[in-house]
Amino acid sequence: MKWLSIVLCFSLMFGCVKDRNFEAPESDSCVDLVANTTYLEVKNLFQESTIQIQDDLIIEGFVNSSDEMGNFFSVLHFQDRAENPTEGFQIEIDLRDSHLFYPSGSKIFIKLKGLYLGKSKDVFKLGATFPSFGNLFIGRLPKTVIADHIIVACDNPVSIMPQKTTITALEKRLTNTLISLEDVEIIEKELGLLFAEVREETERTLVDCDGNEIVLLNSGFSDFQVTPLPSGNGTITGVLLRERENFQLVIRDLQDILLLETRCSGID
Amino acid sequence: MPYLTAISLFLFALRLGFTQETTIKGRIVSDREKKPLVGVKILVEETLKHTNSTIDGRFTMNLVQGTYILNISLEGYVTKRLQVTLKNKVQEIGALFLERDIVRNQSNNLIAISDAELLEDEASINNSSLLQASRDLFLNRAAFDFGQAFFRVRGYDAQYGKILINGLPMNKFHDGRPQWNNWGGLNDVMRNQKFSLGLQATAINFGDLLGTSNIDTRPSKSRSGTRISSSMSNRTYAGRFMVTYTSPRKKNMNYVVSSSRRWASQGYNDGTLYDAFSVFGAIEYQMSSRSTVLLSAILASNRRGRSSALTEEVFELLGRRFNPNWGMQNGKIRNSKERKIQEPIVMLNYLFEGKKFQLNTGIAYQFGKHARGRLGYYNAPNPDPIYYRYLPSFYINSSIGANFRNAEIAREGLLQNQQIDWSQLYTANSNGRAAYMVYDDVIKDEQLTLNGSANVQITDFLKLDFGVVYQKLNSKNFAQINDLLGADFHEDIDTFSNTKNDISGNINRETNDIFNYYYDITASQLQTFAQFRIKQKKWNAFISGSLSNTGYQRNGHFQNERYLNNSLGPSESLNFKDVSAKMGLDYSFNSRHNLQLHGALMRKPPTLQNAFVNPRENNQVVPQVESERVEAVAVNYNLRLPKLTGRITGYHTQFKGVTDVNFFFVDSGIGSDFVQEVLTDIKKTHSGIELGLAYQISSAVQLNGVAALGKFVYSNNPSVAINFDTSTVTENGISDTGNVDLGRASIKGYKLAQGPQQAFALGINYRDPKYWWVGTTANYMTSNYGNISTITRTESFYIDPETNAPFPDATDENVSKLLTQKPLDSFYLLNLVGGKSWLKNGKYISVFASINNVFDAVFRTGGYEQSRNGNFGQLQQDNLSGTPSFAPKYWYGYGRTYFLNVAFSF
């Protein structure tokens, strides 16, 4: 009798606690929202100075930048369509290694309510703010709210087709979109230099065989900063940025730059 | 002639009257069951004469006529003090009833361990668990009331309390402390503890500064029968169920089995799961009335989710229960920082208890695993929701100017997203390489302990005790991948310096692989002691000496790129030879007043964690590593009046030559890097007074008060050196040599972080004849300090790393504004306890309830300064806003908590 009651008591050792084994999350953290406005409509909200967007606006886009190689930092550049985009946009975020969450080619939705819209050097930006001399400028969105505003769509990431264009055909509309330029090369006096000076944003110059130039912007913190510039001629893919009237091209990684052909002057 | 007869008769009568012997007889019976009690100690307080009751509860003593106080005691029962006046030749005082001490028995169930214990390398474990065995009023308060606030008796770290199980020491080589989780949940069988406070002589071991506790697991020493208990709480665990069965008392063979389970999906702090079970068995074979063989086996498995210390900013935003280490996954709480301890012990003892000679020998083997989980991140954003860059203070402390709007956005974002987002971590791992993974820091130990001690009654006043203990440890230490969180592999390189951790192994590792570091430590110690005890009528004295020989050695299994020459293979072999001595004098003026004096000079080798500079990385030992020296004196005065009992103690202890090793990232005056900070030649002084008084207002009501007045300070300026690896080529790295001597840290006079240095309690207990009781204590604790950063108190603090010259603003006035030590808040706590017991059909039912911190006071139990801001300019800048990014972190005490226990014994 005594044994029976003891055995009964042992078997009643209830109190289940979850063990340490977890299955991968059931639902992906992706959501499918519906965009209800275009980039142009959002940009038109801007009057004279930085404003905060008050309406429940949602835009969608395809990320074309990547910070995996360190050439981009604390920003996402995106365009409205994966192929033949009409507009580009950018959002400043306080998030490093964003390629892990918003890789190039992923489709995103951005909930604009509460975000700020500003213009810096004639380019529109989204984000939060930072004050300077009494004015509000676009600053980085704090990490704790990024996932509430930027939502990854449930579609698989796609390959973004860069728009083939030439230096002379560049227009403001293409800002923040992925483009490719053919038959370009690094100017002769920069051959032999590294992609960038250590820890400094460095401007290099690309030229086509007609002598038109465009700035190639490289970060001094990128993984390929110590790599020497390629000496050949060929195709470069990158995100088109702009400061007022001056265009700049920023590559994501060394696969974007394929300068293997003979130079314009005939030299390799 | 008749006159002569009359005179001589008169004289004879007078003589008889003055010195007439009397015989006192009585019978001791248990109050509830009305059964006779054997082995009850009856002591005559005035004469110190004593006897024990026989199997039928009877006792007899011969005394001279007069008035005496009889002190009647038995383990597990309330001691009774009875005044008797003896006039007749034979005095039969009849039956004396002893009540079960349900207060103490139930109190043994209280939990004293808390979350702060779970943090690595933190000196926040208190010694309250050690004290639960004691009857001393002060120690009881320290354990059950002050323990919530991490009060430490005399400010001593738990390593100075020696814990023995059946004579075998259980303190660990790693940090010198006993690991209570190795036998947690076995309160029923660990109940039989003999505790001696401070430097008193103990029979079977040299002992230690704080005291010695020996747990006796013999089944014959506890009540036979079954005991089932069930508990509910909201402290560390939510529920507990315990069953114990002790075989009926037989002459030869007795055994006991006990098992318990403790569980909680969340303890008091959010997200802190509790998952523990324990099993115990002991068989005792009495070969003869004096010889016993005892076999014991203990398995206590304890798995818990940990919390973290919080800055004031986080506490204000998220509350004291906040825990950053967990998040929801698939609808369940997942804590990234689990700790699991499973280190079973098997023990065999042979005991001989003769009249003039006692022998205690034993051998114990312990093996098992201690694993601490972490969430690692590799070239990915820090997943900690309260990482300093995600907090509002980051935007306020920005070097380009305070950004209040962003701070507000960050604040709202933090309130919405307080926990780890596990699904985001899986998303980041979708490319194959683990950006995040859960891994364990594992310690796998195997330890053999041998003990033999003997007690010889040389003459009837002189006793000799001697013994020898040998311990040998083989400890395997490594990091092991637990969960790749959806990734396919982990790249085993140090992301800060981009160097390999294991040159000869694969870079890519998978689940359950060992990575990052892998080394063994072998440690051994041989300790002998000898002690003489002299016992006289009014005084006792003892003198003890001990010799120990300790050895440590590290053996690395990984060769890493940062320390190519000294990471792989054996280190130098460290050896420490230490001599210790202690002595004491105990004088009883009479039965009411007793004075004790104790003194000790001890030498202890550094613990393993303070002997090697960075054992995960290399073989380096602490330069000029030495044993620490302890000089201690203590005076105790014990008072025993009929209604008033108490003790007052004064103590003064000096520690010299203490070593400490700390790890952190620092932006110091001479550069920035991850460093191992080695402090040597530390001197500390602990001095103070302890007071405990109990006044029995009536037989049912007791009023008691306790005071601890202590001062624990650094008494010199220790040496500070920092060590770091030189493989990181950073512009503002520290130097090429990997090691810099920073000189002395100006910390003399700074208070130690050893819990509240002053504590007071006032209490009332009521014990009703109908077997219920209540008690309440009002406590006040003050003078508690957090751990200071020593690197900021060196000369390098004044240097501007940009100019290599002192900051112009770093005047003594400005520096002291930043560095003056501030105490933590003082606070009041009210605690309530109560219980009732019933006896029905031979079955004993008892209920016990306790409520701690009835008024839900918010208080901090401890904390530490962060060492990140290692130079004046940076520390000053960070503090300008009032919410520094690298503010000190604190542990917060529990609010109102309860514990309820129901037990059945039959």
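Assorted remarks:
- Residues in segment B:302-346 that are in contact (Cβ under 8 Å) with a residue 12 or more places away in the chain, among the polar types (S, T, N, Q) and closer than 16 Å to B:Leu425 by Cα: 4 in all.
- The criterion of at least 2 residues that are modelled with pLDDT of 85 or more and closer than 28 Å to B:Leu209 by Cβ is met by the following helices (runs of 4 or more DSSP H) wholly inside segment B:78-160: B:137-144.
- Restricted to segment A:186-268, the set of strands (runs of 3 or more DSSP E) holding at least 1 residues that are in contact (Cβ under 8 Å) with a residue 24 or more places away in the chain and over 23 Å from A:Glu87 (Cβ atoms) comprises A:202-208, A:213-218, A:233-243, A:257-261.
- Breaking point among (1) crowded, with 17+ Cβ neighbours inside 10 Å; (2) farther than 30 Å from A:Val17 by Cβ; (3) more than 8 Å from chain A (Cβ to nearest Cβ); (4) in contact with a strand residue (DSSP E or B) (Cβ under 7 Å, 6 or more places away or on another chain), for B:Tyr436: (2)
- Looking only at segment B:483-523, residues that are within 30 Å of A:Glu23 (Cβ to Cβ) and of a type in the set (Val, Ile, Thr) come to 5 in all.
- Those residues of segment B:257-270 which are away from every other protein chain (no Cβ under 12 Å) and in contact (Cβ under 8 Å) with a residue 60 or more places away in the chain, in sequence order: B:Tyr268, B:Asn269
- Hits in segment A:121-151 - residues which are more than 8 Å from chain B (Cβ to nearest Cβ), among the small types (Gly, Ala, Ser) and under 17 Å from the mean Cα position of the chain (by Cα): A:Gly127
- For B:Gly184, the criteria (1) within 16 Å of the chain's Cα centre (by Cα); (2) at pLDDT 90 or above hold in every case but one, which is (2).
- Residue under evaluation B:Asn451, criteria (1) buried (at least 22 other Cβ atoms within 10 Å of the Cβ); (2) touching a residue at least 40 places away in the same chain (Cβ under 8 Å); (3) facing chain A (nearest Cβ under 9 Å), criterion not met: (3)
- Some residue of segment B:416-428 being surrounded by fewer than 16 Cβ atoms within 10 Å (Cβ to Cβ) and more than 8 Å from chain A (Cβ to nearest Cβ): no
- Condition check for B:Asp725: surrounded by fewer than 20 Cβ atoms within 10 Å (Cβ to Cβ), modelled with pLDDT under 95 and under 27 Å from B:Ser796 (Cβ atoms): no
- Entry remark, segment B:396-409: residues being assigned to a helix (DSSP H, G or I) and within 7 Å of chain A (Cβ to nearest Cβ) number 3 in total.
- Scanning segment B:300-321 for residues that are within 14 Å of another protein chain (Cβ to nearest Cβ) and under 23 Å from the mean Cα position of the chain (by Cα) returns B:Ser301, B:Asn302, B:Arg303, B:Arg304, B:Gly305, B:Arg306.
- Residue in segment A:153-161 that is more than 14 Å from chain B (Cβ to nearest Cβ), in contact (Cβ under 8 Å) with a residue 24 or more places away in the chain and either under 21 Å from A:Asp208 (Cα atoms) or assigned to a helix (DSSP H, G or I) (or both) present: no
- Residues of segment B:338-354 include at least one that is over 28 Å from the mean Cα position of the chain (by Cα) and not in a strand (DSSP E or B).
- Scanning segment A:85-105 for residues that are under 14 Å from A:Ile59 (Cα atoms) and either assigned to a strand (DSSP E or B) or within 14 Å of another protein chain (Cβ to nearest Cβ) (or both) returns A:Gly88, A:Phe89, A:Gln90, A:Ile91.
- Looking only at residues of segment B:467-502 that are β-branched (Val, Ile, Thr) and touching a residue at least 60 places away in the same chain (Cβ under 8 Å), we find that the one that is nearest to the other protein chains (Cβ to nearest Cβ) is B:Thr495.
- Scanning segment B:322-356 for residues that are over 29 Å from B:Ala479 (Cβ atoms) and either modelled with pLDDT of 95 or more or within 13 Å of chain A (Cβ to nearest Cβ) (or both) turns up B:Gly331, B:Met347, B:Leu348, B:Asn349, B:Tyr350, B:Leu351, B:Phe352.
- In segment A:107-120, the residues that are in a strand (DSSP E or B), within 13 Å of chain B (Cβ to nearest Cβ) and touching a His at 6+ places or on another chain (Cβ under 8 Å): none
- Residue check, B:Thr645 under 24 Å from B:Asp578 (Cα atoms) and among the polar types (S, T, N, Q): no
- Here the condition is being touching a residue at least 60 places away in the same chain (Cβ under 8 Å) and on the phi > 0 side of the Ramachandran plot; of B:Asn841, B:Asn814, B:Asn853, it holds for B:Asn853 alone.
- Any hit, segment A:23-30, residues being assigned to a loop (DSSP other than H, G, I, E, B), in contact with an Asp or Glu (Cβ under 8 Å, 6 or more places away or on another chain) and free of Cβ contacts under 8 Å to residues at least 40 places away in the same chain: no
The values are calculated or read from the model by the stated rules, or taken from the named source; none is laboratory data. Quantities reported herein were computed from a predicted structural model and do not represent experimental measurements. Backbone-built Cβ (ideal geometry, glycine too); neighbour counts: all protein chains shown.
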